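What follows draws every value from the coordinates through simple rules; no lab data is involved. Note that the coordinates shown come from a computational prediction; the quantities given were computed from them, not determined experimentally. Cβ placement follows ideal geometry from the backbone for every residue including glycine, while neighbour counts extend to all protein chains displayed.
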Ligand SMILES: Cc1cc2nc3c(=O)[nH]c(=O)nc-3n(C[C@H](O)[C@H](O)[C@H](O)COP(=O)(O)O)c2cc1C
Ligand SMILES: [Mn+2]
């Protein structure tokens, strides 16, 4: 049975000893983030903070921080995780999502003067040099103005006061592409942010390789085996999952950009300050005592890396097997999300290079290492050995340039584009 909502999943975590409740007062300014950091490093449980200074409700974090918890969210054994994920993301989306009138996310309505974003959102400044507090685990729901198709993604939103936030979308991601369409039309973009929902929505929101027009909520429905009930927004022509904790309704005006960031990003560095769109929120609905969901972001491991690793290992294996190398044995994605190690039974000499070029098209992937089938890709020392003994840098280290950057890095030469690297650490076939 699929989880009906976040609370059911939280109860399941609790029953499995995977939830720690922290009743002591915790400062949302860096203290909460520091606790999450340490907890992630120790592969600790999900954390429920019931006493966040300056915030009335509880804050739940790190729900998908380990493979074990992702397996619980997908209702499979940990050993079946990759196989199950691969099968579920290939399911036919459930396109008929029931619209309900009576939804728990509408238990409380805040409109007009009653609406105050600050009273709904804990002011979490996760890392020391973040430019302020961010909402960073909201399900951002928008519609393509040309096709009317819905898109759901996770995008950080910097709190700016006056019910206003920033929003950041990687330009090639759908949310960014759709916003550009509204911008070109000179039209405001309606945006709903659903906070706290069935964990499958978070997993589905991070599935790579979807097409513009693919609705992540329809996919999540297929992945959990049951349609997600939706409810109409009060003030927008958008629908949101009916059982979520909190819904924020707002508008992105065209032609308005403001400074956004800096922000501690998934590669482990701060993003730079840039001009980005803003969101003006004007309305909210929520459950009584809404849970707020937050995800610490920074150096791996984090939830973001956990989901990236899972998507990478399952997705790249399927892609490579159907694309350039049916004889790929295994794919290992270390938690950094930028490196992929492919274990291959090579059938033609150039095959490792084909794999490298094929994986570079993924925007997060930076370094691809290909090893032979006798090397366990998860054993770093064996991988180093293979590189040391089977790779001729002149021919076997290949480089690509001109890719768009996906996050801040500390490369030395300040290139505006991203370079990529491939290491063919396979033996010659004839050898
Ligand atoms: C906690 C978390 C925060 C994220 N923040 C952002 C963000 O601020 N901007 C962004 O473009 N992607 C962010 N992502 C990644 C996107 O949600 C992801 O790439 C998604 O697939 C984009 O979907 P889309 O192509 O439909 O827009 C975040 C992911 C997670 C797990
Ligand atoms: Mn999308």
Mean separation of Cα pairs under 8 Å and 6+ residues apart, divided by the residue count of the chain: what relative contact order is that in percent? 15
Looking at the stretch 143-279 only, what percent of DSSP beta bridges run antiparallel? Nearest 5 please. 100
Expressed as a whole-number percentage, the relative contact order of the stretch 76-212 with C-alpha contacts under 8 angstrom and at least six residues apart is 20
Fewest Cβ neighbours within 10 Å first, please rank 329, 92, 181, 143 accordingly. 92, 181, 329, 143
Using Cα springs under 10 Å in a Gaussian network model of the chain, which residue among 352, 314, 386 shows the largest mean-square fluctuation? 386
Give the distance, in whole Å, between the Cα centre of the stretch 159-237 and the Cα centre of the stretch 341-368. 31
Nearest 500 deg cm²/dmol is fine: what mean residue ellipticity at 222 nm does the chain get from its DSSP H runs of n ≥ 4 alone, each adding -39,500 (n - 2.57), divided by its residue count? -7500 deg cm²/dmol
Two decimals is fine: what is log10 I(q)/I(0) at q = 0.16, 0.20 Å⁻¹ for the stretch 250-366, from a Debye sum with one equal scatterer on every Cα and no solvent? -0.89, -1.06
Would you list 348, 281 from fewest to most Cβ contacts within 10 Å? 348, 281
In whole percent, what relative contact order does the stretch 323-425 give with Cα contacts below 8 Å and a gap of six or more residues? 27
Using a ≥ b ≥ c from the Cα gyration tensor of the stretch 6-294 (square roots of the eigenvalues), is it rounded, prolate or oblate, where a/c under 1.5 gives rounded and otherwise the larger of a/b and b/c decides, a/b for prolate? rounded
Classify the stretch 1-109 from the C-alpha gyration tensor, please: rounded if a/c falls under 1.5, else prolate or oblate depending on whether a/b exceeds b/c. oblate
Could you order the peptides 186-199, 73-86 from most to least packed, using the average number of other C-beta atoms within 10 Å per residue? 186-199, 73-86
Looking at the stretch 1-157 only, what percent of DSSP beta bridges run antiparallel? Nearest 5 please. 60
Provide 9, 49 in ascending order of the number of other Cβ atoms located within 10 Å of each residue's Cβ, fewest first. 9, 49
Counting only DSSP beta bridges with both residues in the chain, what percent are antiparallel, rounded to the nearest 5? 70
